[in-house]
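Q: Pasting a structure below so you can have a look.
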Amino acid sequence: MLGLMQDWPLLVHTILDHASQWHGTREIVSRRVEGDIARMTYRDLDHRARALASAAQGRLGLKLGDVVCTMSWNGYRHMETWYGIMGLGCIVHTLNPRLFADQLVYVINHGEGKWVFLDLTFVPVLEAVQDKLPKVKGFVVMIDGEHMPQTSLKNVVTYEELIGQGDTAFAWPGFDENTACGMCYTSGTTGNPKGVVYSHRSNVLHALVSSGGDALCMASKDVWMPVVPMFHANAWSLAFSVPLSGAKMVMPGPRMDGEAIYELLDTEKVTATAAVPTVWLMLLQYLEQNPDLKLPHLEKVVIGGSACPEAMMKAFEDKYDTRVIHAWGMTEMSPLGSLGTRKGGLEHLSDDEWWKVKLKQGRPAYSVEMKITDDEGKDLPHDGKVFGRLKVRGPAIAKSYAKGDGADAFDAEGWFDTGDVATLDEYGYMQITDRSKDVIKSGGEWISSIDLENAAVGCPGVAEAAAIGMPHPKWDERPLLVIVKKKGAEVTKDAVLQHLEGKIAKWWMPDDVAFVDEIPHTATGKISKLTLREQFKDYVLPTAQ
Ligand code: ADP
């Protein structure tokens, strides 16, 4: 017997419908590429997204299943494009502007993008590659006529003119909830980037789960600032979950430096925000340089994408009274996989005990199944010590990549091998030990590069640290610690090693410390171990000479 409930397809435009109807006057505040701050409401966003959809259908000729690329900062125009294009049953493929030209051309062509919507900032980027994009029919520059530049882009349309031709009361067409609506390529530390394709259903389910009380704990009274760009991993779902909750939205646009982020946190009274550690490093440094500044409105900050160092968590919690939620996820997981919120039943833990758990990557929310296995696929115990391959499955987790790429990451039972190595403890909290290709293999044992880095950034004067395995005749690999000093700070190798003593196992102690001006980052702001290894390819450890 089937249930007798209404068959209400989980389409993402229903999120905007809800925000517009019941939270219609809540604001979306955006820093624009024009340099000013723009204000609008969910009701305006709804009308403009509909106008965009109707004009895109008429003038751009978009049809169900067409892919539209966006290269845009976080702002209301990107949100309108997001909902307008998805609402038509078309697919928004978010392009990361930090990709190299070759990768950019690859992902646009591989994803079969028909139109590219771009911010003013990126006109030169697309001018330079347009001749290598045979399937792209034209470009929409997300600006008004007054600011429209001279450009060699072919078949170019001005965004505000396009919207001006649309119908603000356009009715969304209906289609199956499993229809594709979003596309995001993983940055591909090895081989070509691989395409992840989200459906309306997966995005609605993920938004419901991630906004929940034990996850991001969202409410309409909140003021959320998604600093994580919409082109990173499905915007961590915030482009869906924030409107779904009816919270006010603050969008930082092109400026993610400490000063600009602080200004919006302060003037817009932001209560919750989310981004990778690199962004928070910039904010905390700015606050350190301006000791009178505080964060009186900010209640919580979500940190993920890379491991959140203890020093960063302590700075937010102890110095600024802001709660940190450490989150782990992947583009392939929509992306949230686990969050470090305190579980009921753990009240008995002392502050010190809880702090150790809190530093981990958290526990899975409903809809994420998780396990660790050995190389043969045998389940490993949840004792917080044994580590193995982290595998996941669920309704908002990829079942394959676009065009069947990377099929070996998925097994016959639907488990996706994350490529991460992790432990699971007795309470169900997961801790990432490393990416499987970054663990340092010393004498048959594994050293976690993440643990070394986290311990090192706690050392006074250290701004950023990266640990990589260097060849060693006896041990196979031994750790080299690469460090960027804080501006004007004096730090020595001995001081760093002394700081690590007692914080890591003796045999994990780096064989050498190298100081550099800058550590290379990937397009998603993570330390690029690949580039770093390349930079140090001729380096020989003193212990290996
Ligand atoms: P990309 O690979 O393109 O950078 P993802 O954002 O999908 O894109 O990267 C996911 C990976 O980032 C995870 O597999 C994991 O290795 C790492 N990661 C994400 N969050 C954390 C975290 N909180 N701690 C440690 N590593 C993390």
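The values are calculated or read from the model by the stated rules, or taken from the named source; none is laboratory data. Fair warning: this is a prediction, and the values are worked out from it, not measured in the lab. Don't worry about glycine lacking a Cβ; one is built from the backbone with ideal geometry, like all the others, and counts go over all protein chains shown. Ligands, DNA and RNA are stripped out before the accessible areas are found, and what is left, the full protein with its side chains, is counted by its heavy atoms. Shrake-Rupley method; radii C 1.70, N 1.55, O 1.52, S 1.80 Å.
Q: Taking the stretch 428-484 as the region of interest, how many residues are closer than 21 Å to residue 312 by Cβ, aliphatic (A, V, I, L, M) and either in contact with a Gly (Cβ under 6 Å, 6 or more places away or on another chain) or assigned to a loop (DSSP other than H, G, I, E, B) (or both)?
A: The total comes to 0.
Q: Name the pairs whose Cβ atoms lie under 9 Å apart, with the first residue in the stretch 466-491 and farther than 18 Å from residue 509 by Cβ, the second aromatic (Phe, Trp, Tyr), and 6 or more positions between them or separate chains?
A: Once the first residue is farther than 18 Å from residue 509 by Cβ and sits in the stretch 466-491, its partners that are aromatic (Phe, Trp, Tyr) give 484/515; 485/515.
Q: Now for a different question. How many of the residues making up the stretch 319-365 are touching a residue at least 12 places away in the same chain (Cβ under 8 Å) and closer than 20 Å to residue 387 by Cα?
A: 17
Q: Being open to solvent by 30 Å² or more (accessible area, probe 1.4 Å) and more than 24 Å from residue 403 (Cα to Cα), is that true of even one residue in the stretch 64-82?
A: Among the residues of the stretch 64-82, at least one is open to solvent by 30 Å² or more (accessible area, probe 1.4 Å) and more than 24 Å from residue 403 (Cα to Cα), which makes the answer yes.
Q: Conditions: (1) charged (D, E, K, R); (2) out of contact with any strand residue (DSSP E or B) (no Cβ under 7 Å at 6 or more places or on another chain); (3) without any contact (Cβ under 8 Å) to a residue 60 or more places away in the chain. Residue 39 meets all but one. Number of the miss?
A: Among (1) charged (D, E, K, R); (2) out of contact with any strand residue (DSSP E or B) (no Cβ under 7 Å at 6 or more places or on another chain); (3) without any contact (Cβ under 8 Å) to a residue 60 or more places away in the chain, residue 39 violates only (2).
Q: Got at least one residue in the stretch 512-525 being touching a helix residue (DSSP H, G or I) at 6+ places or on another chain (Cβ under 7 Å), away from the ligand (no atom under 16 Å from the Cβ) and not in a helix (DSSP H, G or I)?
A: Checking the stretch 512-525: at least one residue is touching a helix residue (DSSP H, G or I) at 6+ places or on another chain (Cβ under 7 Å), away from the ligand (no atom under 16 Å from the Cβ) and not in a helix (DSSP H, G or I).
Q: Another question, if that's okay. Inspect the stretch 137-149 for any residue being closer than 16 Å to residue 94 by Cβ, surrounded by 19 or more Cβ atoms within 10 Å (Cβ to Cβ), modelled with pLDDT of 95 or more and within 16 Å of the ligand (Cβ to nearest atom) and give the result as yes or no.
A: no
Q: Looking at (1) in contact with a Phe, Trp or Tyr (Cβ under 9 Å, 6 or more places away or on another chain); (2) within 16 Å of the ligand (Cβ to nearest atom), which is the one condition that is false for residue 369?
A: The one condition residue 369 does not meet is (2).
Q: Something else about it: How many residues are part of a loop (DSSP other than H, G, I, E, B) and out of contact with any strand residue (DSSP E or B) (no Cβ under 6 Å at 6 or more places or on another chain) if we restrict to the stretch 46-91?
A: Final tally of qualifying residues: 10.
Q: Can I ask one more? For residue 277, work out the one condition from (1) at pLDDT 95 or above; (2) under 15 Å from residue 229 (Cα atoms) it doesn't fulfil.
A: All conditions are met except number (1).
Q: For the stretch 200-214, which residues satisfy the criterion of being more than 24 Å from residue 256 (Cβ to Cβ) and either surrounded by fewer than 21 Cβ atoms within 10 Å (Cβ to Cβ) or of a type in the set (A, V, I, L, M, F, W, C) (or both)?
A: Within the stretch 200-214, 201, 204, 205, 208, 209, 212, 213, 214 meet the criteria.
Conditions (1) under 25 Å from residue 311 (Cα atoms); (2) modelled with pLDDT under 95, marked per residue:
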{"site": "388", "(1), (2)": "no, yes"}
{"site": "393", "(1), (2)": "no, no"}
{"site": "418", "(1), (2)": "no, no"}
{"site": "428", "(1), (2)": "yes, no"}
{"site": "441", "(1), (2)": "no, yes"}
{"site": "449", "(1), (2)": "yes, yes"}
{"site": "465", "(1), (2)": "yes, no"}
{"site": "468", "(1), (2)": "yes, no"}
{"site": "472", "(1), (2)": "no, yes"}
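Q: Where residues in the stretch 21-45 are open to solvent by less than 10 Å² (accessible area, probe 1.4 Å) and in a helix (DSSP H, G or I), which of them is nearest to residue 241 (Cα to Cα)?
A: Once the filter is applied, the top-ranked residue is 42.
Q: Look at the stretch 187-237 and say how many of its residues are within 16 Å of the ligand (Cβ to nearest atom) and either of a type in the set (Val, Ile, Thr) or assigned to a loop (DSSP other than H, G, I, E, B) (or both).
A: Counting residues in the stretch 187-237 that are within 16 Å of the ligand (Cβ to nearest atom) and either of a type in the set (Val, Ile, Thr) or assigned to a loop (DSSP other than H, G, I, E, B) (or both) gives 18.
Q: Identify, from the list 343, 319, 314, 356, the residue that is more than 10 Å from the ligand (Cβ to nearest atom), basic (Lys, Arg) and touching a Lys or Arg at 6+ places or on another chain (Cβ under 8 Å).
A: Just a single option satisfies the conditions, and that option is 343.
Here is a yes/no grid of residues against (1) at pLDDT below 95; (2) within 26 Å of residue 128 (Cβ to Cβ):
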position	(1), (2)
159	no, yes
180	no, no
186	yes, yes
197	no, no
212	no, no
222	no, no
240	no, no
244	no, no
251	no, no
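Q: Follow-up question, since we're still on this one. Which residues, counting only those in the stretch 200-232, are within 18 Å of residue 402 (Cβ to Cβ) and in contact with a strand residue (DSSP E or B) (Cβ under 6 Å, 6 or more places away or on another chain)?
A: Those that are within 18 Å of residue 402 (Cβ to Cβ) and in contact with a strand residue (DSSP E or B) (Cβ under 6 Å, 6 or more places away or on another chain): 200, 231.
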